[in-house]
Amino acid sequence: MTSQTHAMLDEASAVLLTPGGLDLAALDDGLGHAMGPGIDYADLYFQRSWHEGWVLEDGEVKEASYNIDGGVGVRALAGEKTGFAYSNQITVDALAETGRTAAGIVRRGERRAAAPGVAMASQARYAGVDPLTGLSAEDKIAMLKLADRVARAADPSVAQVSASLTGVHEVVLVRASDGTLAADIRPLVRFNVSVIAVRNGRRERGSAGGGGRYAMVRLRDENVAERYAKEAVRQALVNLEAVAAPAGQMPVVLGPGWPGILLHEAVGHGLEGDFNRKGSSAFAGRIGQRVASRGVTVVDDATLDDRRGSLSVDDEGTPGQSTTLIEDGILTGYMQDKLNARLMGMAPTGNARRESFAHLPMPRMTNTYMRAGNDDPADILKSVRRGIYAVSFGGGQVDITSGKFVFSASEAYLIEDGKITAPVKGATLIGNGPEAMGRVSMIGHDMELDTGIGVCGKEGQGVPVGVGQPTLKLDELTVGGTQS
Amino acid sequence: MTQAFDAAAQQTLLESRARTALDLARRLGADACEVGASVDQGVGVSVREGEVETVELSRDQGIAVTVYVGQRKGSASSSDAGEASVRAVVEKALAIARHTGEDPASGLAEARRMASELPDLDVHHPWPLSIDAATDLALRCESAGRGMAGIKSSDGASLSSGEGVRVYANSHGFLGSQRGSRHSLSCMLIAEDENGMQRDYDYTSARDPRDLAAADAVGESAAHRTLRRLGARRPVTGRMPVLFDPTLASGLIGHLMGAIAGGALYRQASFLCDRLDTPLFPEWFSLGERPMEVGAMASSPFDGDGVQTRDNVFVRDGRLASYMLSAYSARRLGLETTGNAGGARNLRITAPLESREALLARMGRGVLVTELMGQGVNGVTGDYSRGAAGFWVEDGEIQHPVEEFTIAGNLETMFQGLVGVGDDIDTRGSIHTGSWLVDEMMVAGG
């Protein structure tokens, strides 16, 4: 155990356990309640989070909010069965009550003892700081006002500017019956600018933002207020010129970075362990098979420094890791939590995530991206006679069973004879995951990660994620425009 | 439920916490204050392939405080409504109000608008259901669906049942509280043919467990909905009429309400800015809300500002008759609140209703859309482009399932192009409507 791991456990214990009269040793008794007859695994997940948000509108920060959340979630597993209860009190009594409730899922069977807790060494992927401190309220307000001034000065058509600065300080501690003892302090910050531009009676929106797992002060040092304000205005102005998007099947070139949402929807969700164990994914049973073009390598990587989707340890205490999902077009792995890994005879991959102590963990993505290829982005555009070049997206969705996925462009252009000609209105792109990945014909050498804005939703639970990719060409995808 | 939930005692406790917060805020220097507090408790059981998969017991509480110091505002909230936590929340809200800028529109709704008529709207029907009984219902639902020929496997059936109390109070002396309950049962199934797998689901949801559909009917319907998707092809690309299933038609009403919400209007982030009293729909179409409807999904006598709710008409004879405003957004627009802080409650349409067959016959050739995917709706421009699945219709008859296509248009044109509403009203949610037939949209498929 490293001294860093030790310090993290001490801090988490002081924040989470001490106020309710508990300590690390007392967790053995807590686990004992959840390890009822027939239970083969149980875990306790302690969490406390502080969320702060500042919002600017009409040039003024009129609104700010602060939220304190926290409690303990207790889970008991027996085979494929899960019992779950939680409490917003972290006390001896709450542990006993939630433990017994969770264990109530089975009532007969052998009573197993929990293994003694051993702190596992894990490498920190971000500094365990409170991101809300370090900037005064005045500093935070000044950043938001700067974004407003920059956006309004950028173009006379800018009619509305809204900007927000949010931060979460989260402390978690996991103790499981398999001996797992782990703690993590997870900062997460984000700055966002959204503008409405009006010209000749036409109204369009542009937005930009980003952040990661670090202190708010870094957002100021990197001057994001100015950068995102300019970027939001640029996007709104492009959209003011946009013509109707074409409809039908055509080649699609995706820009680098955030368009990696394609991978998140088209392959990512379909490779989560739970869907594959249950056989409900279009990718189920296909490990070792070709599911994408040659040259396509997709990884889910929790170990990138300071990224929005990174995790030093996951919500079951497993260290975050990098998992190759597709290598040179061949399906090589799934993303797993402990339950699904055990039932499939595989190893956990550090992908167990939960929205909070009041939600059950599931296999989820962290930072999912495609590795760079060898093509020059300019050559990729040149190769298209008539198609779409999409550089920014709103969101996406997938039906993991049929494999159909969508993602909606918020900034896109028409490509005609290898040249970008006119901006087109936002349109939804639809395809079939495995088919679309087989139509990737060119991969740029310009791999980029997104700026740190992704939220992934699954079964009603939202978690922060990252995506990334190089410039990509798909030979054919359906574009949902209005122009025949 | 296995955990005891004494709704009356919880209500008394929350009301007392809200009063404590108001008193404390005043003593610590707030000129005005408002508090929302809630407690919810529930059980969720899910089964898959004939076995229990998860049993979840939930109990959530929260308190949110907004204070006003002059025209400055601060808000704070916590998932713990205990006494110590209430104090921390009030102090934090006041600390924030020292930093925020002055906002001439900020403040509580006018005292004279506070709800005085607070009838019991009959929305609290707890279900004393044991885990075993809940499991039995979920199993019965799943087994009815799994038993249908052609179903390959189950993605699970779930029963959830919950009740709760919410309280809103402000420094005008208004205090409103309401107990409520909600129960639902759902089932998702998977079918497979040589072209691959398809899944679909069905559900039932109600305030009163006696209003839920029978468990086996839900399972059978889920099976029917799943099986009918097998053999789906892609439709041709072109302009054609689109018939929206009732659940999706209520989504279109949702987009309309988003665009006439005060927050979108004062931010100029709506395609319906400055459209009051102008024609939006055909003149045979009207839309209103019934917040005091007894036993309905979204019934409440007071809104999120404590203002008395009322039967608003948003679209009258096709014209946009009213925006949807809270006290704050109304002040921003120089208008008066419509009692819609927190949204609309129990939206109901008025239109001549036609049978599904009649609508299909009028459509002739086009697509019936039963599922939409993605977020391709731009509230600023009204531009609409979404992934879809459904059925191909030729000569007024359903021919075969279709998938992997998009439908695109603009909400304003779609509203004007509404040519018929079905009598197949879906009453499960807070928006009640039948199918919508829209005269022409761009379909992009194969």
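The values are calculated or read from the model by the stated rules, or taken from the named source; none is laboratory data. For clarity, every value in this text was computed on a predicted model and none was experimentally measured. We place every Cβ from the backbone using ideal geometry, glycine too, and count neighbours over all the protein chains shown.
The number of residues in segment B:356-370 being out of contact with any Gly (no Cβ under 7 Å at 6 or more places or on another chain) and either under 22 Å from B:Ala264 (Cα atoms) or surrounded by fewer than 24 Cβ atoms within 10 Å (Cβ to Cβ) (or both) comes to 3.
The rows are residues; the columns are (1) within 21 Å of B:Thr66 (Cβ to Cβ); (2) of a type in the set (S, T, N, Q); (3) surrounded by 19 or more Cβ atoms within 10 Å (Cβ to Cβ).
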position: B:Leu256; (1), (2), (3): no, no, yes
position: B:Asp274; (1), (2), (3): no, no, no
position: B:Phe285; (1), (2), (3): no, no, yes
position: B:Phe302; (1), (2), (3): yes, no, yes
position: B:Ala321; (1), (2), (3): no, no, no
position: B:Leu333; (1), (2), (3): yes, no, no
position: B:Ala341; (1), (2), (3): yes, no, yes
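For segment B:83-104, taking the residues that are more than 7 Å from chain A (Cβ to nearest Cβ) and not in a helix (DSSP H, G or I), the one that is surrounded by the fewest Cβ atoms within 10 Å (Cβ to Cβ) is identified as B:Pro104.
Inspection of segment A:448-468 identifies no residue that is over 18 Å from the mean Cα position of the chain (by Cα) and either crowded, with 22+ Cβ neighbours inside 10 Å or free of Cβ contacts under 8 Å to residues at least 12 places away in the same chain (or both).
Among what's in segment B:410-424 and is away from every other protein chain (no Cβ under 14 Å) and not in a strand (DSSP E or B), pick the residue that is farthest from A:Phe407 (Cα to Cα). Spell out how you get there, then give the answer.
From segment B:410-424, those away from every other protein chain (no Cβ under 14 Å) are B:415-416, B:418-424; that's our starting set.
Going one step further and asking which of them are not in a strand (DSSP E or B), we end up with B:415-416, B:423-424.
Working: B:Phe415: 24, B:Gln416: 27, B:Asp423: 33, B:Asp424: 31 Å.
Ranking the candidates gives B:Asp423 first.
Restricting segment A:44-88 to residues that are more than 8 Å from chain B (Cβ to nearest Cβ) and of a type in the set (S, T, N, Q), the residue that is nearest to B:Tyr328 (Cα to Cα) is A:Ser49. Looking across segment B:180-212, the residues that are at pLDDT below 95 and more than 15 Å from B:Ala223 (Cα to Cα) come down to B:Glu194, B:Asn195, B:Gly196.
Reported count of residues in segment A:319-337, each being touching a residue at least 40 places away in the same chain (Cβ under 8 Å), over 17 Å from A:Met437 (Cα atoms) and in a loop (DSSP other than H, G, I, E, B), is 3.
Within segment B:59-79, one or more residues are outside any strand (DSSP E or B) and under 30 Å from the mean Cα position of the chain (by Cα). When each of A:Ala341, A:Ala282, A:Ala292 is tested for being more than 15 Å from the chain's Cα centre (by Cα) and in a helix (DSSP H, G or I), the lone residue that passes is A:Ala341. Candidates in segment A:180-201 are the residues that are within 14 Å of chain B (Cβ to nearest Cβ) and in contact with a Leu (Cβ under 6 Å, 6 or more places away or on another chain); of these, the one that is surrounded by the most Cβ atoms within 10 Å (Cβ to Cβ) is A:Ala197. Of all residues in segment B:20-38, exactly one satisfies the criterion of being within 21 Å of B:Gly162 (Cα to Cα) and buried (at least 22 other Cβ atoms within 10 Å of the Cβ), namely B:Ala37. Those strands (runs of 3 or more DSSP E) of segment B:130-249 in which 1 or more residues are touching a Phe, Trp or Tyr at 6+ places or on another chain (Cβ under 7 Å) and surrounded by 18 or more Cβ atoms within 10 Å (Cβ to Cβ) occupy B:151-170, B:175-193, B:238-244. For segment A:271-301, filtering for residues that are within 14 Å of chain B (Cβ to nearest Cβ), of a type in the set (A, V, I, L, M, F, W, C) and farther than 13 Å from A:Met362 by Cβ leaves 4. Out of B:Asp311, B:Asp274, B:Asp305, one residue alone is modelled with pLDDT under 95 and part of a loop (DSSP other than H, G, I, E, B). It is B:Asp274. Which of (1) more than 17 Å from A:Gly438 (Cβ to Cβ); (2) not in a loop (DSSP other than H, G, I, E, B) is the odd one out, the single condition A:Asp306 does not satisfy? Only one criterion in (1) more than 17 Å from A:Gly438 (Cβ to Cβ); (2) not in a loop (DSSP other than H, G, I, E, B) is unmet by A:Asp306, namely (2). Here is the figure for segment B:372-409: residues that are touching a residue at least 60 places away in the same chain (Cβ under 8 Å), assigned to a strand (DSSP E or B) and facing chain A (nearest Cβ under 8 Å) total 5.
Suppose we filter segment B:68-87 for residues that are of a type in the set (Gly, Ala, Ser) and at pLDDT below 95; how many remain? If you could, list the steps in order and put the result at the bottom.
Taking segment B:68-87 first, the residues of a type in the set (Gly, Ala, Ser) are B:70, B:74-79, B:81-82, B:84-85.
This time we only want the ones that are at pLDDT below 95, so: B:79, B:81-82, B:84-85.
Summing the residues that are of a type in the set (Gly, Ala, Ser) and at pLDDT below 95 in segment B:68-87 gives 5.
The number of residues in segment A:447-461 being within 14 Å of chain B (Cβ to nearest Cβ) and in a strand (DSSP E or B) comes to 6. Confirm whether B:Pro301 is in contact with a Leu (Cβ under 6 Å, 6 or more places away or on another chain), more than 14 Å from every other protein chain (Cβ to nearest Cβ) and not hydrophobic (A, V, I, L, M, F, W, C). Here the answer is yes, as B:Pro301 does meet what is asked. Of all residues in segment A:358-367, one or more are within 21 Å of A:Leu449 (Cβ to Cβ), among the hydrophobic types (A, V, I, L, M, F, W, C) and touching a residue at least 12 places away in the same chain (Cβ under 8 Å).
For the condition touching a residue at least 12 places away in the same chain (Cβ under 8 Å) and not in a strand (DSSP E or B), what is the one hit in A:Ser410, A:Ser402, A:Ser392? Matching residue, one of A:Ser410, A:Ser402, A:Ser392: A:Ser402. Among the residues of segment A:186-219, those that are of a type in the set (Val, Ile, Thr) and either under 15 Å from B:Leu265 (Cα atoms) or in a strand (DSSP E or B) (or both) comprise A:Val189, A:Val193, A:Val195, A:Ile196, A:Val198.
Among the residues making up segment B:205-225, those that are among the small types (Gly, Ala, Ser) and farther than 13 Å from B:Ala296 by Cα are B:Ala213, B:Ala214, B:Ala215, B:Ala217, B:Gly219, B:Ser221, B:Ala222, B:Ala223.
Out of all the residues in segment A:107-165, which are surrounded by 14 or more Cβ atoms within 10 Å (Cβ to Cβ), within 13 Å of chain B (Cβ to nearest Cβ) and over 30 Å from B:His99 (Cβ atoms)? Passing the criteria: only A:Ser157.
Filtered by the rule that a residue be crowded, with 18+ Cβ neighbours inside 10 Å and either at the interface with chain B (Cβ under 7 Å from one of its Cβ atoms) or over 19 Å from B:Gln41 (Cα atoms) (or both), segment A:89-102 gives a lone residue, A:Thr101.
When A:Val291, A:Val298, A:Val313, A:Val267 are checked against the criterion of being over 30 Å from A:Val189 (Cα atoms) and crowded, with 23+ Cβ neighbours inside 10 Å, A:Val291 stands alone in meeting it. Taking the criterion of being at pLDDT 95 or above, within 14 Å of chain A (Cβ to nearest Cβ) and not in a strand (DSSP E or B), the only residue of segment B:425-446 that qualifies is B:Gly445.
Taken together, the residues in segment B:14-56 that are more than 30 Å from B:Gly156 (Cα to Cα) and touching a strand residue (DSSP E or B) at 6+ places or on another chain (Cβ under 8 Å) amount to 19.
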